[in-house]
Amino acid sequence: MAEFLRIRVVHSTQHKIFPTITIWILVILGIIILLLEGRAKAKAGKPLFLKPKSIFVENYDKLKFWGCIALMVAYFSLLDVIGFTVTSILFVYLFNTLFGGLDRLKDKKYHLNSIIISLVSVISISLLFGTVFDITLPDGICTIWIKSLGITIF
Amino acid sequence: MPFAFGMEYLAVAFLGVVIGIIFGAIPGMTATMAVAVFLPLTYAYSMEMALYLLLGLYVGGISGGLVPAILINIPGTPSSVCTTFDGHPMALRGESERALKIGITASFIGGLISLGVLAVFTPVLARWAIKFSAVEKFLIILFAMTVIAALSQGQMLRGIWIGMVGVLISLMNQFPVNNTFRMVPKFLQSEMQGGFQLFPVLIGLFAISQMFEECEKGMRAKYSKEDAYEVSRLKGFKLTRDFKGQGVNVIRSALIGTFAGILPGVGGSAASILAYSQAKSWSKHPELLGTGVPEGLIASETSNNGLTGGALVPLLSLGIPGDSTTAILIGAFMLQGIQVGPLFISSRPFIWNTVLMAMLVCNVIMFLVMFFPIKLVSKIIFIPQERLYPVVLMMCTLGAYATLNGRMFDVWALLLFGIVGYLLKKFHFPVSCFLIGFILGRDLENYFIQAIAAQGGSLIVFFTRPMSWIIWALIAVSIVYAILDNRKSKRVAISK
């Protein structure tokens, strides 16, 4: 019994001990969950595997959902190419436009507000964190370094 | 009893409370999100200053949820679910100002009672926990994880499973003892030396995934101005009348909230539901609850603010977060190089006193900021989501980037875990279980290896110490509770 409950702790392989245990627990527990949920489904007279149903809610907003992911990918890709401030001003505005929806695309007042929000929020945050607090922000071609004053505007 | 205090701290606490209230009052945004988004601000602060800001956000965020709960029948944060039951009917009768003021006062009292428990209980628990060896520490974390599973209502096995996935993902790094990578693709080795960082994971799971969900639903306001009830005062608030005979209810609800907070993984919504159902079963006229009586409102709001102090108890005494918001606070302590755990109070008395003081100050500010200008506060619910989410995303990005002094890898991790969190919710896995597994995973491994290495690899070490028996008993209790509760909620689900 004592030998059975012993794990060999060797310096060169001990990084594997805990992940291995975790994976075993996941596999065993996973099988138990599948069996139990399968049995419950069989009892309820439902087919074991449902047809691959869409995970989205009915009539989900395709434009905003996929648009949001696409804009995020574009935003993150450009951050350290262009620099934090300029990229963020552009994308906070674009996100505002996307979230506003098609019906407000021609609403001039909405766009004006979007521009004000993006300019004010990004510039104040960028100056506060990057310049005053000296936190490293993504830099790029639009980053301004003023070496003599020790100031960076990302 | 020295602590950090001064005008600059008050100003920061004020800022935190006000922003917290805004986050709390907008449905779809939570206190956890507020703390996560503003964490980067503390990079440049001292620990004391950071505490005033973060605790302000926490207290404000939990309290702000009562405003939309009462005025538009939508809880601003999950923890004010039960506030809608009695708060909204009162608003329908034209007593919204009275309801809001009762809620705010109840929140304030709940916060103070939980602060008392925090001050008394934490040192006791810490003194007890100092005696823990790696064995007990391992078992305590195991216990914390079973408690979480126990509370995943009818999803115990799924809760444990996804918690273990969280553990596994936290282990994707370079093992510090023998400097060997595990489960890391070759091309990511330079970035993943320390594994995934807590902030991107957390902000991704709680803020970005929420944003995806709102996008899916079209990012539309769930209500229009016509749905909201003007702050009216057909019947005004009177402390002596509205709180008459509520002493027991207040204390019971505050303590339920506080102890729900102490148990790791129990969120504010569970606390509020528990306190509300207790208030109902102890009430002299239970049939009136739900029709707009102060009793139910007081139970819900006292308990969810009671949670704030309670959730800090295990964080500061054991180093285990009591809920998702305090999990972020761990990050704030780590940033400043401060280890929270059994030795925290004795080694850092100044910071410990500051925590207590900051909690008190933030509760007082919350009360003042919400109680008197209540008409102004109630306007917050009209801030449209589509205006706030872009700014929140920008701040999350900044926070993720700054996590380890500027890496794009952490920004991409933000997107990755945003998608992970979104999918977990879609497939009905409890996200909080995943997060707690991720947070505690590395400690779990660390203590496990320490414990068995000292005994030549023998697993018997986990069963030989008397103190470990107590924890095993606790684990057994929580598993039995989980199984019973699991059956009950499944039966309820079937009968529905």
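A short reminder: the numbers here are calculations on the coordinates, not readings from a lab. Since the structure is predicted, the reported quantities are computational estimates derived from the model, not experimental observations. Cβ coordinates were reconstructed from backbone atoms using ideal geometry, including for glycine residues, and neighbour counts include every protein chain displayed.
When each of the peptides A:22-34, B:110-122 is scored by how many other beta carbons lie within 10 Å of its residues on average, the order from highest to lowest is B:110-122, A:22-34.
Label positions at A:Arg104 and A:Leu149, each projected 7 Å from the Cα along the C-beta direction, are separated by 3.6 nm. Work out the FRET efficiency for B:Leu92 and B:Val477 from their Cβ-Cβ distance, taking R0 = 45 Å, and round it to the nearest 0.05. FRET efficiency, B:Leu92 to B:Val477: 0.55.
So what is log10(I(q)/I(0)) for chain B at q = 0.06 1/Å, when the Debye sum runs over its Cα atoms only? Calculated log10 I(q)/I(0) at the listed q: -0.26. Length available on full extension from B:Gln193 to B:Leu343: 0.36 nm per residue minus the Cα-Cα distance, which gives 51.2 nm. Rounded to the nearest whole Hz, the Karplus-based 3J(HN,Hα) values (6.51 cos²θ - 1.76 cosθ + 1.60, θ = phi - 60°) of the stretch A:56-72 follow the sequence 7, 5, 4, 6, 5, 7, 4, 4, 5, 5, 6, x, 4, 5, 4, 5, 5, with x at glycine and proline. Between the beta carbons of A:Ile115 and B:Ile419, assuming R0 = 35 Å, the FRET efficiency works out to 0.70 to the nearest 0.05. Calculated on the Cα set of the stretch B:313-413, radius of gyration then Dmax: 17.8, 47 Å.
Taking packing as the residue-averaged number of other Cβ atoms within 10 angstrom, the listed peptides B:101-109, B:421-429 run from highest to lowest as B:101-109, B:421-429. Placing pseudo-labels 7 Å out from each Cα toward the beta carbon at A:Lys41 and B:Leu234 gives an inter-label distance of 5.2 nm.
Multiplying the residue separation of A:Cys142 and A:Ile23 by 0.36 nm and removing their Cα-Cα distance gives an extension gain of 38.2 nm. Note on B:Lys244: lysines with a C-alpha under 26 Å away, same-chain residues under 8 apart excluded, are B:Lys101, B:Lys235, B:Lys280, B:Lys284, B:Lys375. With the gyration tensor restricted to C-alpha atoms of the protein assembly as shown, the semi-axes of the equivalent ellipsoid amount to 36, 33, 27 Å, longest first. Say R0 is 35 Å: what FRET efficiency, to the nearest 0.05, do B:Leu484 and B:Met183 get from their beta-carbon distance? After rounding, the FRET efficiency stands at 0.45. Once both labels are positioned 7 Å from their Cα atoms along Cα-to-Cβ, the gap between B:Gln174 and B:Phe3 label points is 4.2 nm. Available extension along the chain between B:Leu376 and B:Leu288 is 28.6 nm, counting 0.36 nm per residue and deducting the alpha carbon span.
Proximity of backbone amide H atoms, modeled 1.01 Å from N, is registered between A:Ile151 and A:Ile146 at under 5 Å, excluding neighbours fewer than 5 places apart on the same chain.
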